Amino acid sequence: MDSPQKLAASTNPPWSAPLSEILASVSTTVAGLSTDQAIQRRGPAVRRESSTWRTLRLLGAQFASPIVLILLFSATLSIFLRDASDAIIILGIMLASGGLGFWQEYSAASAVDRLLSLVTARARVFRDGHLVEIPTAEVVPGDILELSAGSTLPGDCRLIEAQDLFVNESALTGETFPGEKHPADLPPSTSLNARTNMVFQGTSVISGSARVVVVATGASTEFGRIAGRLRLRTPETEFERGVRRFGYFLMEVTLVLLLGIFAIHLVLRHPALEAFMFALALAVGLTPQLLPAIISVNLAHGARRLARQDVIVRRLSSIENFGSMDILCSDKTGTLTAGTVEVQSVTDFAGVASPRALRLARLNATLETGFSNPIDVALRQVPGDDLSAVRKLDEIPYDFLRKRLSLLVRDGDQRVLITKGALKNVLEVCTAAESVSGERMPLAQVRSSIECRFQELSAQGLRTLGVACRVVLQDRVTRADEAEMTFVGFIALHDPPKPGIADTLRRLQDMGVRLKMITGDNHLVAANVAGQVGLNTANLLRGEDLRHFSDDALRRRVEDTDVFAEVEPNQKERIILALKRAGHVVGYIGDGINDATALHAADVGISVDQAVDVAKEAADIVLMKPDLNVLCDGIQEGRVTFANTMKYVFMATSANFGNMFSMAGTSLFLPFLPLLPKQILLMNLLTDIPEMTIAQDAVDSEQLQHPRRWNIGEIQRFMLVFGPLSSVFDFLTFGVLLLVLHADQATLRTGWFVESVVSAALVVLVIRSRRPFWRTRPGRGLLIGTVLVALATIALPYLPFADDLGFAPLPALTLAAMLAIVAMYAASAELVKHWFYASLSRRGQ
C-alpha cells in the first residue's frame, strides 16, 4: 500500500532539498498522482476506522456523565452483592436511554454531514494528468495543486513554479504584510518566516498563481504542530457559553441533592447500598440526560430547514446564535448594493474625460493576477484600444494597508509602472499630475482641484479610485518604486443599492436585529449609500477615528454608530469584539479575503457560496444566494430551533426537580423507598420519549419576534415555581394513596409512578407555550408521543412483566383518582403559567 507513512524520507527538509528530491520523497511527478494512488494514500481502511471511531465516540458520550457512570458501576457491583435482577433491569433502562440518545444524535450528525458537503472548500488538483476540483480534505501528500488568489492551503507545500505569488501568513507567522513567494532552494537552517519557497496549511493566497507539491497534511504540518502544542480551540459562542453555565448550575443542584439524601438515609439507618442507589437514581432523574441529544437533534433539524431556505450551516451551534443575534455587521458592496459595478467616468484632475487614464486603468485591471473583483471586471468590459501587444513584466499586488496595486508593463519601447487604488493612497506616491492634453505640473499646484473633484463624486455615491504612472528602466519593481509617480486621472464607479434593500433592513429591524455597515470605502460614499438604504449616518466613524479610541471607549461608541467607513481589515475584527464586549450577539457577513478574521471573531460568521475559500472556511453559515431576505428567513429558523431547545430545558428541569424533590422528601418519612431505583430510571426514560420530538414542535409567532438568549435566572425561577407545583400534587397523590385508599407498598409505588409519568408527559402540552394550551397546536410528533407514553404508562401495571419492575395492578378507583389528580395538576399548571409569564412581562422579559 502506497501510504504516506511508507513514502521515502528526504534527507533534507522540504524547503532545502532539491525539487527532484522532494518529488521523489512523496513518490510523485509534476503531472500529479493517479486517482488510485490518491485513494491508497488516503487509506479506505483509515476512513472506515475514522467513521467507526466517531460512531463509538458518540455512543460513549451518552454514558459519559459521572453520575451515570457511577450508577452503572453500582448496578454492576450490586449483581455480585445481592439480587441481580434489579441491577440488570437498571442496566437495561440505562442502556435503552443511552441508545435512544445515540440514535437521535447519530441521525442528526449524518444529516449534517450531507449538508456540509454542499459548501466544502475545494482544491484544484492534478489527477490522472487532468486538473480537477476536489474537497480539500481529500488532498494527500504528493498531490500537485494549482493555486490562485483566494485559495486556502490544505497542507504544507513546496513551490514548483509561481507567478507574482503573495500569501497571507498572519495566522502562522503574525506578519501583517503578505509574503512574496518564489521557487528556490534554501539552507536547512532557514527560519519559518524566511521560507519563501514554501506555502503552509492555514494560510491563503492574496494574489498571483502557483503550482505546488503537497509535502505534509493534517497534524504533520507546521500549523498542525502548533495547534497540537497550544491545543487551539474555536472561540466559545454565546450559545455554548449558555449551555456550559446551565451545566454548572445543574451540577451544583445535583451534587447537593445526592450528598444530602445519601447522608440522611445513612442517619436513618437505611441499608447503605440501597440508599446510595436511590440517591444516584434521583440524581440521574434530576439531570436532563438527553439534553445533548435534544440539542443535536434540534440543531440538525434546524440545519435541514435552513437548507430548504438556501442557507447551509457549517457549525451547528451557530444556529442558536443565529436566532439570538441582535447585531448584524455587513460590508457595503454586494450585500447592501447590487455588486455589479459600472464605470461612470474616467477623467483627469479637472473632470475632463481622459482616454489615457482609461487605457492605463484597463491595462492594470486586465493584466493583474490578484483575486478577481467587480471593479476590475467592470474596467475590462469598457470598450477601448487593443491591449494584446502590451506585455506584463512584474506586479506589486494589492494589500489592505497600501490599498493600491501596481503593474509593470512593456508598452512599446517603454517600461511603465501603472498604479491603481484608493485615491488617497495613490496620491501619497505622486509628485506630479497630468492633464488630458498631456501637460504635466506639480501635484501641489492642482491638489485642491483633485480633492474638490473627489468630494463631488463621493457625495454622489460614486466610488472613486486614482490612476498614476511612471516610466522606469528595470524589469522588476518593489514597493520602493511606488514613488515620484504622476497622477493621470479618476475612475468613478457606481454600485447602486439593491432593489428592495431598505424594506429588508426594516424587516431585520422589526425582528430586533440592527444592521451596521462596515466598509473600506470613502466615508462620503458610505454615507450616501447608507442614507439610501435607511441607516443612520449621524455618528459615522472612520478608520482613522478608531485608532484614537481605547477598547473601552470604542465599546461605548459602537452602540450608537451604524456606519463605519474607511475601515482596515484588522479594524473590522476590533469593531466586532467591541460589540460583543458590549453584550451583543454579533453576526458578520463577508465574502472577501480581508473578511476572514472578522468572520472568525463574530458569534455568527456568514458568507456566501460565491465567496473565496478563505472566507467560506472561516464562516459558520453560508448563504447559497447573496440576499439578505434569505438571511432573514435563516434568522427566523434559528429562533425556532432556540425556542424548541429552551422548551426542553424548561420541561425537563421543572418536572424532574419536582418529582425528585417529592421522592426525596417522602423517602425520609417512610419505612420503605417511595420508588425503587429502577422505577425512577424508567420514569426518566418514559418522560424523555415525547420530548425527543420537540425539534419538530410548532413555535408561537410571538417567540420569534425578538432575539432570545440563555437566561439562567429565568430557568431557575421557572424550576422553583413549577417544581414545587409538581411536588404539591405528588404529595397529594401520596396522601390519597396512603391515607384515603390505604394502598399497600406495591400499589402505592405503582399509583405514584402512573401519576408522575402521565402528569409529566401531559404537562408538556401546557408549558411548551406561553399561550393557553387550547390556543396553540403542538407538533404532530409531540402530540402522538405524549399520548402513547401516557397510554403505555397506564397499561404498564397490567402487563405480565410488571411484577419484575415492582408494579402491581391498580384498582379502578385508584386509577381514576390518579387521573383526576393529573387533570387538577394540568389545570393548575395552566393558571400558574399565566401568572408566571405575566410577572415576567411586568419585568420587561
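The Cα atoms of the stretch 491-581 give a gyration tensor whose axes a ≥ b ≥ c have a/c of 1.5 or more with a/b no greater than b/c, which makes the shape oblate.
Measuring with a 1.4 angstrom probe and ignoring ligands and nucleic acids, S209 comes out at about 40 Å² accessible. Taking the charge dipole of the stretch 738-833 about its Cα centre, with +1 at Lys and Arg Cβ atoms and -1 at Asp and Glu Cβ atoms, the residue from A792, V754, L831 reaching farthest to the positive side is L831. Placing unit charges on the Cβ atoms only, positive for Lys and Arg and negative for Asp and Glu, gives the stretch 477-606 a dipole magnitude near 540 debye about its Cα centre.
What the pair-distance distribution of the stretch 618-716 shows, using all Cα-Cα distances binned every 10 Å from zero, is 12, 30, 26, 17, 9, 4, 1 percent. Just check the stretch 298-457 against the gyration tensor rule for me: Cα atoms, a ≥ b ≥ c as the square roots of the eigenvalues, rounded for a/c under 1.5, and otherwise prolate or oblate depending on whether a/b exceeds b/c. Prolate shape, in that a/c is at least 1.5 and a/b is the bigger ratio.
Largest first, the residues E395, E342 sort by 1.4 Å accessible area into E342, E395. Counting only protein chain heavy atoms and rolling a 1.4 Å probe, the accessible areas of R308, R709 rank, largest first, as R308, R709.
Taking θ as phi - 60° and the Karplus parameters 6.51, -1.76 and 1.60, the scalar couplings of the stretch 317-327 work out to 4, 5, 4, 4, 5, 4, x, 7, 4, 10, 10 Hz in sequence order, x denoting glycine and proline.
Which entries in K181/K572; K580/K625; K332/K572; K181/K625 show an alpha-carbon gap greater than 23 Å? Over 23 Å apart, Cα to Cα: K181/K572; K580/K625; K181/K625.
Remark on E161: its backbone amide H falls under 5 Å from those of R211, a criterion applied only to residues 5 or more positions apart or on other chains, H modelled at 1.01 Å from N. Here the stretch 394-463 is treated with +1 on each Lys and Arg Cβ and -1 on each Asp and Glu Cβ, and its dipole about the Cα centre works out to around 200 debye.
Karplus-based coupling profile of the stretch 597-607, in residue order and whole Hz: 5, 5, 4, 6, 6, 6, 5, 10, x, 10, 10, with θ = phi - 60° in 6.51 cos²θ - 1.76 cosθ + 1.60 and x standing for Gly or Pro. Applying the criteria of a DSSP loop state and at most 15 other Cβ atoms within 10 Å to the chymotrypsin sites (Phe, Trp or Tyr not before Pro) of the stretch 773-845 yields F801. Taking amide H as placed 1.01 Å from N in the peptide plane, D562 has its amide H under 5 Å from the amide H of N539, each at least 5 places away in sequence or on another chain.
Can you list which of the trypsin sites (Lys or Arg not before Pro) found in the stretch 750-845 are DSSP loop residues with at most 10 other C-beta atoms within 10 Å? List each step's numbers first, then the result.
Working: sites: R768, R770, R775, R780, K833, R842, R843; in loops: R768, R770, R843.
Those that pass, being in a loop and sparsely packed, are R843.
Each residue of the stretch 565-570 was assigned a 3J(HN,Hα) from its phi angle through the Karplus expression (A = 6.51, B = -1.76, C = 1.60, θ = phi - 60°), giving 10, 6, 8, 7, x, 5 Hz with x at Gly and Pro. What does the charge dipole of the stretch 358-411 about its Cα centre add up to, to the nearest 20 debye, if the Cβ of each Lys and Arg holds +1 and the Cβ of each Asp and Glu holds -1? For the stretch 358-411, the charge dipole is close to 100 debye. Is the stretch 691-845 rounded, prolate or oblate when judged by the Cα gyration tensor, a ≥ b ≥ c being the square roots of its eigenvalues, rounded requiring a/c under 1.5 and prolate requiring a/b larger than b/c? Here the stretch 691-845 falls in the prolate category. Taking all protein chains as they are arranged and a probe of 1.4 Å, the heavy atoms of D503 leave approximately 90 Å² accessible to solvent.
Packing around the peptides 356-364, 740-748, taken as the average count of other Cβ atoms within 10 Å per residue, puts them in this order, highest first: 356-364, 740-748.
Amide H contacts under 5 Å for L33: D128, I144, restricted to partners 5 or more places along the chain or on a different chain, H placed in the peptide plane at 1.01 Å from N. Ranked from largest to smallest solvent-accessible area, with a 1.4 Å probe on the protein heavy atoms, V343, V125 come out as V343, V125. Only protein heavy atoms count here; on that basis, with a 1.4 Å probe, M441 has an accessible area of about 20 Å².
The values are calculated or read from the model by the stated rules, or taken from the named source; none is laboratory data. Since the model is a prediction, treat every value here as computed from it, not as a measurement. Every residue, glycine among them, receives a Cβ derived from its backbone with ideal geometry; neighbour counts consider all protein chains shown. In case anyone asks, the SASA skips ligands and DNA or RNA and just uses the protein heavy atoms, side chains included. Shrake-Rupley method; radii C 1.70, N 1.55, O 1.52, S 1.80 Å.
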